[in-house]
Amino acid sequence: MYLTKMKILGQVIRRTRKKQGLTQEQLAAVAGVGIRFIRDLEHGKESCYIGKTITVLNMLGLELQIEGEVL
């Protein structure tokens, strides 16, 4: 099965959130985003804003690492 990078990111976020015992509602509240955004992000929606995504990652103690050179 082919997974997009956003879907993989969404799975990591969901798994980490659950490990930390947080509901989607709780994560949305502490990250300052809407519950709909968390749901979309966890489902790998391609159009999720990168700034909000990074905020959610930070709240979960995760880092976004970029590899390779972009020209």
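Here's a check for you: in region 54-71, which residue that is of a type in the set (S, T, N, Q) and either outside any helix (DSSP H, G or I) or touching a helix residue (DSSP H, G or I) at 6+ places or on another chain (Cβ under 6 Å) (or both) is modelled with the highest pLDDT?
Applying the first criterion (of a type in the set (S, T, N, Q)) to region 54-71 yields 55, 58, 65.
Restricting the remaining residues to those that are either outside any helix (DSSP H, G or I) or touching a helix residue (DSSP H, G or I) at 6+ places or on another chain (Cβ under 6 Å) (or both) gives 55, 65.
Values: Thr55: 94, Gln65: 83.
Checked region 54-71; the qualifying residue modelled with the highest pLDDT is Thr55.
How many residues does region 17-47 hold that are in a helix (DSSP H, G or I) and either in contact with a helix residue (DSSP H, G or I) (Cβ under 9 Å, 6 or more places away or on another chain) or hydrophobic (A, V, I, L, M, F, W, C) (or both)?
The first filter runs over region 17-47 and keeps only residues in a helix (DSSP H, G or I), leaving 17-19, 24-31, 35-42.
Narrowing further to those that are either in contact with a helix residue (DSSP H, G or I) (Cβ under 9 Å, 6 or more places away or on another chain) or hydrophobic (A, V, I, L, M, F, W, C) (or both): 17, 24-31, 35-42.
Residues that pass the stated criteria total 17.
List the pairs whose first member sits in region 22-42 and is touching a residue at least 24 places away in the same chain (Cβ under 8 Å) and at negative phi, whose second member is among the β-branched types (Val, Ile, Thr) and assigned to a loop (DSSP other than H, G, I, E, B), and whose Cβ atoms are under 9 Å apart, counting only residues at least 6 apart or on separate chains?
Short answer, once both residue conditions are applied: Leu27/Val33; Leu41/Val33.
The values are calculated or read from the model by the stated rules, or taken from the named source; none is laboratory data. From a predicted model like this one, the values you see are computed outputs, not experimental measurements. In this analysis, Cβ positions are derived from the backbone assuming ideal geometry, glycine residues included, and neighbour counts consider all displayed protein chains.
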